[in-house]
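Every number here is computed from the coordinates shown, using simple stated rules; none is lab data. No experiment lies behind these values; they were computed from the predicted model shown. All Cβ positions, glycine included, derive from the backbone under ideal geometry; neighbour counts span all protein chains shown.
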């Protein structure tokens with residue numbers, strides 16, 4: 001084999017190796033997520049604390065349905081407020097399909113849609129975009145978890161939907177757990 005041809009092949013192989021290694025790692029890409037977070041992780045019985053329902057790395061959102069599930073002996077959902085700033089940033093308006101609480105059964109349900117759907121919003125970064133502000137009252141000591149459910153097979157309103165009304169797959173959820181103590 002000609003030395004020049006061999007040198008060119010070696011350069012091509014080296015370039016392919018370095019280009020492959022220098023690109024962004026797909027494992028570093030943020031995962032589409034519906035999450036619940038709070039600035040506090042410890043509360044006292046009787047204390048009211050705030051949490052935020054948000055999404056991150058969702059490329060296209062025209063509707064979202066979530067169910068927040070909690071132990072009604074540990075927590076009471078006392079207030080839910082919509083956060084429309086990001087949802088309306090594409091020029092659409094927010095239609096509230098469901099926004100209700102059942103403290104006896106221990107859940108809150110939020111279903112919001114953007115109209116027209118062509119004005120959907122999206123962001124493939126790990127920036128968190130608020131959908132709702134929630135206030136919970138701590139009722140009894142122990143660990144209290146609020147689970148975020150977007151399981152469409154259990155309830156057809158749940159999930160993240162794109163502008164074609166198709167369910168977006170691969171969305172993960174992040175729950176919130178707070179530690180409730182009897183006193184300070």
- Query: Once every DSSP H run of n ≥ 4 in the chain is given -39500 (n - 2.57) and the sum is divided by its residues, what mean residue ellipticity at 222 nm do you get, rounded to the nearest 500 deg cm²/dmol?
  - Reply: -3500 deg cm²/dmol
- Task: Rank these for me by crowding, 125, 104, going from fewest to most other beta carbons within 10 Å.
- Result: 104, 125
- Item | Spread of Cα-to-Cα distances over 10 Å intervals beginning at zero, given as percent, for the stretch 114-184 | 14, 37, 30, 14, 5, 0
- Tilt relative to the chain, helix 3-22 - C-alpha long axis, 0 to 90 degrees, to 10: 10
- A correct Stokes-Einstein calculation for the stretch 92-144, using the alpha-carbon Kirkwood radius, 20 °C and 1.002 mPa s, returns a whole-number D in µm² s⁻¹ of 152
- Could you grab the relative contact order for the chain? Cα pairs under 8 Å, six or more apart, rounded to a whole percent. 33
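For the chain, what does the convex hull of the Cα positions come to per residue, in cubic angstrom? Could the numbers behind the result be given before it?
Numbers: hull volume 31.0 nm³, N = 184.
In the chain, the Cα convex hull volume per residue is 169 Å³.
Compute the length gained on full extension between residue 79 and residue 29: take 0.36 nm times their separation in residues and subtract their Cα-Cα distance, giving the result in nm to one decimal.
On the way: separation 50, 0.36 × 50 = 18.00 nm, distance 3.40 nm.
Length gained, residue 79 through residue 29: 14.6 nm.
Restricting to Cα atoms and excluding each atom paired with itself, what does the Kirkwood estimate give for the stretch 29-112 in Å? Please list the in-between numbers first.
Working: mean 1/r = 0.0689 Å⁻¹.
It works out to 14.5 Å.
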